[in-house]
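Engineer: Could you have a look at this structure, given as structure tokens, before my questions?
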Amino acid sequence: MYKYESQSNEELLHHLRLGRTEVMDEIYRRFYGLLYSHVYRRLPDREEVRDIIQEALVTLWNKRTQLAEDTNLSSYLYTLVRNRVLNTYRNQKVREAYLASLQTFMDRGVSLTDEKLREKELIALVEKEVAALPPQMKLIFEMSRNLEMSHQQIADELHISPHTVRTQVRSALRILRTKLGAHIFSIFF
């Protein structure tokens, strides 16, 4: 068994490329403190720092056969942890943006739900008040507003004068405005 602690980084790299697992212990001992302080300055979360270093060491092991002979081991490890720190920053920004958009959606959803509820209440209230109008006035008003018939068309249909239709529609609107005014105010404010 080799004594790796006295070997240079280049020799450690050589043994690593040969697949000698025990060399990872020496790489860990030699670089962990330096990598830890380097990452901790950027991410002051101890668990996250440990995870990043662990991931970097696993990547080093997994890519050991792809490393060139002249690879600088310390630079390679610093690059691995730097990229993981940048990924962490990127992921945090994405997570924050997602949470912000989710909160906006939820806020809008509540607002939309409130608006829909108020709209349904208002429609029900208007329908109730229209139903309470005198029968002839109700019929003329519904023909005018729901069927979008002109005053002349309503007059022809019901065999009454257009002036009567106009008077009935105005009266219906006045009654609805009076009855609904307070209700609309209480619903929306």
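Engineer: Relative contact order (percent) for the chain, with alpha-carbon contacts under 8 angstrom and 6 or more residues of separation?
Structural biologist: After rounding, I find 17 percent.
Engineer: Now, a different point. Could you tell me what percent of the accessible area of segment 1-141 is made up of carbon and sulfur, with a 1.4 Å probe and every protein chain present?
Structural biologist: 54
Engineer: Further question: Of Y78, M106, L57, which is farthest on the positive side of the dipole of the chain, counting Cα position, with +1 on Lys and Arg Cβ, -1 on Asp and Glu Cβ, and the Cα centre as origin?
Structural biologist: It is M106, whose Cα lies furthest towards the positive end.
Engineer: Sticking with the crude label model, points 7 Å out along Cα→Cβ, report the distance from R29 to V58 in nm, one decimal please.
Structural biologist: In this crude spin-label approximation the distance works out to 2.4 nm.
Engineer: Restricting the calculation to Cα positions, tell me the Rg (one decimal) and the Dmax (whole number) of the chain in Å.
Structural biologist: For the chain, the Cα-based Rg and Dmax read 39.0, 114 Å.
Engineer: Next up: Excluding ligands, DNA and RNA, what is the solvent-accessible area per residue of the chain at a probe of 1.4 Å, expressed in Å²?
Structural biologist: For the chain, the solvent-accessible area averages 68 Å² per residue.
Engineer: Sticking with the crude label model, points 7 Å out along Cα→Cβ, report the distance from S8 to S161 in nm, one decimal please.
Structural biologist: Taking the two extended label points, one gets 11.6 nm.
Engineer: Report, in whole Å, the centroid distance computed from the Cα atoms of segment 11-26 and segment 116-170.
Structural biologist: Between the Cα centres of segment 11-26 and segment 116-170 lies a distance of 90 Å.
Engineer: Right, something else. Sum up the lysine pairs in the chain that clear both bars: alpha-carbon distance under 24 Å and a spacing of 8 or more or different chains.
Structural biologist: Counting lysine pairs in the chain gives 9.
The values are calculated or read from the model by the stated rules, or taken from the named source; none is laboratory data. Only a predicted model underlies this, so the values are computations on that prediction, with no experimental measurement involved. Cβ sites come from the backbone with ideal geometry, for glycine too, and all protein chains shown count toward neighbours. In case anyone asks, the SASA skips ligands and DNA or RNA and just uses the protein heavy atoms, side chains included. Shrake-Rupley method; radii C 1.70, N 1.55, O 1.52, S 1.80 Å.
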